[in-house]
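Trainee: Pasting a structure here, questions to come.
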Amino acid sequence: MAGYEDLAKAVLKGEDDQVKSLTQSLIDSGKDFLEIINQGLIAGMDVVGARFKKGEMFVPEVLMAARAMSEGINLVKPHIAEKDIPSLGKVLVGTVKGDLHDIGKNLLAMMMEGAGFTVVNLGVDISPEKFVEAAKEQKADMIAMSALLTTTMPAMRDTIELFKEEGIRDKVRIIIGGAPISQEYANEIGADGFAPDAATACDLAKGLLAK
Ligand code: B1M
């Protein structure tokens, strides 16, 4: 029977059809949904990231792998979101201004939904103004920002500053994450918390919204 390693390899090769059939067979065999994501789909993408960094993979191949991973996540997503859990709070998730990376952000949105939050996925390239407008409109409890580029990290600070200027900083919790982000940076810009991965972000959000 196919396992997580086969799924990770299929992601690495960017084989959408294979990723879909392997993901489906793991779902059908009753495997844990988060394990399928973490040990199969994300594990494959981690290798892609390492190879891309070393110049062993190029953008088109990375895109194919990213698309294949998303196809797998789309199959798992309804099973996680279907859990009938009362909402723990409304969370707006978005990638900051100038940044188009959305795989980690979508994973975060999906896992938060699965953990019981009401999630509004704002998308990518979200300006401070859009975050503030959406927070007011949606009466959000929390903003979760993602940034993957060192050049877009300052947009997180700008967003927090705009919440302060608008006088609504105390109405929302703001958490941040993404590959270049750290707890030190979160402290520096006045975020309420940082999480290194989507699963930790769910725990962090639960803790902050329970207070
Ligand atoms: Co880009 N890219 N990219 N890229 N890309 C990185 C981030 C990079 C590290 C690659 C490298 O050089 N080694 C590098 C950034 C360097 C830096 O700033 N330090 C980089 C670069 C430079 C660029 C471009 C500038 C390249 C170019 O055009 N010259 C360009 C920028 C475009 C833009 O945004 N304006 C670019 C473009 C792209 C693609 C379009 C090709 C594609 C994105 C496709 C897409 O997202 N739809 C892409 C990809 C795929 C990557 C890598 C290879 C993989 C990112 C990914 O999806 N990982 C990445 C290298 C790497 O990370 N190793 C790289 C899988 C995903 C599950 O992980 O998003 O980190 P990640 O999410 C994690 C955690 O970070 C965390 O949870 C997830 C795990 O559970 N997390 C959060 C994320 N957000 C969170 C929010 C939270 C909490 C946790 O809130 C509370």
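The values are calculated or read from the model by the stated rules, or taken from the named source; none is laboratory data. This one's a predicted model, so the numbers in the text were calculated from it and none came from an experiment. Positions of Cβ are generated from backbone atoms using ideal geometry, with glycine treated the same way; all protein chains shown enter the neighbour counts. Remember, those area values only see protein heavy atoms, side chains included, never the ligands or the DNA or RNA. Shrake-Rupley method; radii C 1.70, N 1.55, O 1.52, S 1.80 Å.
Trainee: Let me know the longest stretch in the chain that avoids all GluC sites (Glu not before Pro) found in a DSSP loop with at most 15 other C-beta atoms within 10 Å.
Mentor: 83-165
Trainee: Any idea what log10 I(q)/I(0) is at q = 0.08, 0.19 Å⁻¹ for the chain, Debye with uniform C-alpha scatterers and no solvent?
Mentor: -0.28, -1.32
Trainee: If you find the alpha carbon centre of region 139-181 and of region 2-39, how far apart are they in angstrom?
Mentor: What the calculation gives is 33 Å, centre to centre.
Trainee: Here is a follow-up. In whole percent, how big is the carbon plus sulfur part of the accessible area of region 108-211, probe 1.4 Å, protein atoms only?
Mentor: Percent of accessible area from carbon and sulfur atoms in region 108-211: 50.
Trainee: What is the angle, in °, between the Cα long axis of helix 128-138 and the longest principal axis of the Cα atoms in the chain? Nearest 10 is fine, range 0 to 90.
Mentor: 90 degrees
Trainee: Taking amide H positions as placed 1.01 Å from N in the peptide plane, with prolines and chain starts having none, which residues 5 or more places from S127, or on another chain, fall under 5 Å of its amide H?
Mentor: Sorted by chain and number, the residues that satisfy this come to none at all.
Trainee: Using only Cα atoms, find the angle between the long axis of helix 43-53 and the longest principal axis of the chain, and express it within 0 to 90 degrees, rounded to the nearest 10.
Mentor: It works out to around 80 degrees.
Trainee: Can you show me the helix-derived [θ] at 222 nm for the chain, built from DSSP H runs with n ≥ 4 at -39,500 (n - 2.57) apiece and divided by the number of residues, rounded to the nearest 500.
Mentor: Helix contribution divided over all residues of the chain: -16500 deg cm²/dmol.
Trainee: Rounded to two decimals, what is the ratio between the C-alpha radius of gyration of region 80-176 and 2.2 N^0.38 Å?
Mentor: Dividing the Cα radius of gyration by 2.2 N^0.38 Å gives 1.03.
Trainee: Relative contact order, percent, of region 1-137 when contacts are C-alpha pairs under 8 Å separated by at least 6 residues?
Mentor: 23 percent
Trainee: Can you tell which of L92, A43, L12 lies farthest toward the positive end of the dipole of region 1-148, using +1 and -1 charges on the Cβ of basic and acidic side chains (Lys, Arg; Asp, Glu)?
Mentor: It is L92, whose Cα lies furthest towards the positive end.
Trainee: Using 0.36 nm per residue, how much length does the chain from D197 to R169 gain when fully extended, once their Cα-Cα distance is taken away?
Mentor: Between D197 and R169, full extension yields an extra 7.7 nm.
Trainee: Still on this structure, I have one more. Length gain on complete extension for the stretch S25 to E137, per 0.36 nm per residue less the alpha carbon to alpha carbon distance?
Mentor: 36.2 nm
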